[in-house]
Ligand code: KG4
Ligand code: ZN
């Protein structure tokens, strides 16, 4: 029997909440040191590209078809077998529930067959720990989580202890990148394509609206920018103009992320009495170089240390899920085989219920 407090944990992570089928093996040593033994990501981009976005039914089927082979590949890359594992961690939400059920069920099967503890991981908690895959970052820290589905500022106090400081009122930053890119005729996924187009563009060539300027909170809004940019895109045809528009969109998104992060840093520093000021950015949009650079400069000006995950762990991957699971196992926390797949699962449930960023639907509050 493993003692999670003193032993090394070797965890298989499984991620199937959107359009990547991923498995990874992560080792967490008793002193907290982290080693990624393997990380395999099977992208479904080709399957969804003709539709310009993720089709949930296609995603779920693709996860079913590949999850076993991807898990095998992750074990092979790590040079291990199922018998070498000490735990299994699977994303249990939030996300496209058909896909989440595939990874979670597979994880339950492995846990049951091998007598291993299971951790039903919140995908957002995975992103929250992802920077710890590349560097030692102590708790607590201020987190900007920017992905295709989420855009939030959170005070991360420890494992599973997050307080929401701000959230988007409409689109997530990645969603804004994707939708504007689509309006500009760029291929899915739009964020990376727009970043490439922006190279050599003049970020001052167009004036885009600056959102929520009068508000003193840490909330975000990208819908006005999205509409304005999409309308501009219709009249922009020359190659250089397209580069310029892409550069302006990227700069506008980076500026808003930096301005709201700056405001959150100011409030956080007061609360922390200037002790241990750490700023972390995570999620797919953290892969964007302009966004990273702007946030790094903002953090430096506020005397915060800055960290972002290695590029491979910004977008969805299973190493971050394995690490989130290992951190829970190290605290003696695991879940039963009756753990449910949750399409919505806010990190700060209390804040999400008290002040939902989106109208709560049948599936519950989003963020
Ligand atoms: O974290 P992620 O893989 O999935 C979610 O949990 O949502 O994030 C995907 C999002 C997409 O919107 C994608 O366009 C965006 O991250 N993204 C980027 C870049 N790479 C990925 N956005 C801007 N620049 C990038 N280089
Ligand atoms: Zn994600």
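The values are calculated or read from the model by the stated rules, or taken from the named source; none is laboratory data. This structure is a prediction, so every number in the text was calculated from the model and none was measured. Ideal geometry is used to build each Cβ from the backbone, glycine not excepted, and the neighbour counts take in all protein chains shown.
A single member of 76, 90 is surrounded by 15 or more Cβ atoms within 10 Å (Cβ to Cβ) and either free of Cβ contacts under 8 Å to residues at least 60 places away in the same chain or in contact with a helix residue (DSSP H, G or I) (Cβ under 7 Å, 6 or more places away or on another chain) (or both), and it is 90. When restricted to residues that are closer than 16 Å to residue 97 by Cα and in contact with a helix residue (DSSP H, G or I) (Cβ under 8 Å, 6 or more places away or on another chain), region 23-71 contains 11.
Conditions tested, residue by residue: (1) more than 11 Å from ligand 1 (Cβ to nearest atom); (2) part of a helix (DSSP H, G or I); (3) within 30 Å of residue 75 (Cα to Cα).
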position	(1), (2), (3)
279	yes, no, no
285	no, yes, yes
291	no, yes, no
296	yes, yes, no
299	yes, yes, no
303	yes, no, no
309	no, no, yes
316	no, no, yes
322	yes, yes, yes
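Condition check ((1) within 16 Å of ligand 2 (Cβ to nearest atom); (2) modelled with pLDDT under 95) across all residues:
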residue: 4; (1), (2): no, yes
residue: 8; (1), (2): no, no
residue: 19; (1), (2): yes, yes
residue: 40; (1), (2): no, no
residue: 44; (1), (2): yes, yes
residue: 76; (1), (2): no, no
residue: 92; (1), (2): yes, no
residue: 99; (1), (2): yes, no
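Can you give me the number of residues within region 137-159 that are away from ligand 2 (no atom under 13 Å from the Cβ) and in a strand (DSSP E or B)? Number satisfying all stated conditions: 10.
The criterion of being modelled with pLDDT of 95 or more, over 30 Å from residue 349 (Cβ atoms) and not assigned by TED's automatic domain parsing to the domain that holds residue 353 does not hold for residue 258. One residue stands out in region 197-233 among those that are part of a helix (DSSP H, G or I) and without any contact (Cβ under 8 Å) to a residue 40 or more places away in the chain: the one that is nearest to residue 171 (Cα to Cα), namely 224. Evaluating residue 177 against the criteria (1) outside any helix (DSSP H, G or I); (2) on the phi < 0 side of the Ramachandran plot leaves one unmet condition, (1).
Here is a check on your reading of the model: is residue 118 under 15 Å from the mean Cα position of the chain (by Cα) and more than 10 Å from ligand 1 (Cβ to nearest atom)? The answer is no for residue 118.
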